[in-house]
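Q: Below is the structure I would like to discuss, written out as structure tokens.
The values are calculated or read from the model by the stated rules, or taken from the named source; none is laboratory data. Bear in mind that the values here come from a model prediction, so they are computed numbers and not experimental data. For neighbour counting, all protein chains shown are included, and Cβ atoms are generated from backbone atoms with ideal geometry for every residue, glycine included.
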Amino acid sequence: MIQVLGIFGFLSFGWADILDILMVATLIFFLIRGIRGDSTVLNIVLVLVALLIIQGVVSALNMRMMTVLLNTLLDVGVLALIILFQPEIRHMLNRVAVQSGLTRRTGQLFNRLLGIKEEKMGSKSVEELVEAVRTMSAEKTGALIVLQHKSSMEDYMNTGDRFEADINRRLITNIFFKNSPLHDGAMIIIGDHVAAARCQLPMTNRTDIPAHYGMRHRAAIGLTEDTDADVLVVSEETGNVSFVRGGEISTVNDVKELRQLLSTLMTQEEEK
């Protein structure tokens, strides 16, 4: 056994201990990277990590009272945190699963086992969507359009009105017309179909979003942090078009760029 830090007289490390530390450090690294930007969840994780480190130190030093106290605190505290911060914890775990690719790979595996084929957007639907976005951008009609991939949108569709309709430029522009009863909320597109409208999306907790982005952009960021969906946003104030993926916003400068972007997405899904 390799004696590491043996000069302290109470720490004896072997290969298994080194591997154990590396695995825990890697897990903590990916966990923190997956929840960056969410200050509430990040603070919870950092407190738990600090308590675990302190617990390890007092146990190694054979400080019995502190060990009992910290063990009790962790046992009761973790349960209390789960109860008090259930939405934040679920949000954190979901984000880690999405950003690690676990959701996509698991979905692909189950779809293959069950013989389910993912719906893909065809070239005709791409053109209809592009023209609808172009019209709404020119008229400064606010819009929030979700493009589903592997992650299920069922929970979000249940917050709005479901229907089954082919993607059509007139349908989309009429839904987001400011006097339409369906304009307030998000439209969800699955493959070649408009599946729901007036859907509520989760707002991001990030505080680093520029002030000129409104509630639609914050909702788009929130959804793409939790799922692998992509979102198109048309600003009601400026008419600018934004594309949101993985919590990051990019500006779409013209119709040609939007058409190329959606065509690339379609090609990527076919290759997968």
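Q: On the given criteria, is residue 166 surrounded by fewer than 14 Cβ atoms within 10 Å (Cβ to Cβ), farther than 20 Å from residue 251 by Cβ and in the same structural domain as residue 258 (by TED's automatic domain parsing)?
A: Answer is yes for this residue.
Q: Looking at (1) out of contact with any Ser or Thr (no Cβ under 9 Å at 6 or more places or on another chain); (2) free of Cβ contacts under 8 Å to residues at least 60 places away in the same chain, which is the one condition that is false for residue 208?
A: That leaves (2) as the condition not met.
Q: Checking residue 235 against (1) out of contact with any Phe, Trp or Tyr (no Cβ under 9 Å at 6 or more places or on another chain); (2) within 19 Å of residue 134 (Cα to Cα); (3) among the hydroxyl-bearing types (Ser, Thr, Tyr), only one condition comes out false. Which one?
A: (1)
Q: Of all residues in the stretch 246-268 being under 19 Å from the mean Cα position of the chain (by Cα) and surrounded by fewer than 16 Cβ atoms within 10 Å (Cβ to Cβ), which is modelled with the highest pLDDT?
A: The extreme case among them is 250.
Q: Residues of the stretch 185-194 being farther than 20 Å from residue 263 by Cα and either assigned to a strand (DSSP E or B) or touching a Pro at 6+ places or on another chain (Cβ under 6 Å) (or both), which ones?
A: 186
Q: If you go through the stretch 44-75 one residue at a time, how many are touching a Leu at 6+ places or on another chain (Cβ under 9 Å) and of a type in the set (Gly, Ala, Ser)?
A: Count: 2.
Q: Right, next: Enumerate the pairs (first residue in the stretch 175-188 and loosely packed, with under 14 Cβ neighbours inside 10 Å; second residue anywhere and β-branched (Val, Ile, Thr) and in a loop (DSSP other than H, G, I, E, B)) with beta-carbon separation below 6 Å, excluding pairs fewer than 6 apart on the same chain, so at least 6 apart or on different chains.
A: From residues that are loosely packed, with under 14 Cβ neighbours inside 10 Å, there are no pairs.
Q: Having 2 or more residues that are at pLDDT 75 or above and surrounded by 12 or more Cβ atoms within 10 Å (Cβ to Cβ) is the bar; report the helices (runs of 4 or more DSSP H) wholly within the stretch 1-102 that clear it.
A: 15-34, 39-60, 64-84
Q: Based on what the data block shows, is residue 224 within 21 Å of the chain's Cα centre (by Cα), in a helix (DSSP H, G or I), surrounded by 15 or more Cβ atoms within 10 Å (Cβ to Cβ) and polar (S, T, N, Q)?
A: The answer is yes for residue 224.
Q: If I ask for residues that are in a loop (DSSP other than H, G, I, E, B), modelled with pLDDT of 65 or more and of a type in the set (A, V, I, L, M, F, W, C), which ones from the stretch 103-153 would you list?
A: Correct list: 121, 153.
Q: While we're looking at this one, here's another question. Checking residue 138 against (1) surrounded by 21 or more Cβ atoms within 10 Å (Cβ to Cβ); (2) under 18 Å from residue 240 (Cα atoms), which test does it fail?
A: (1)
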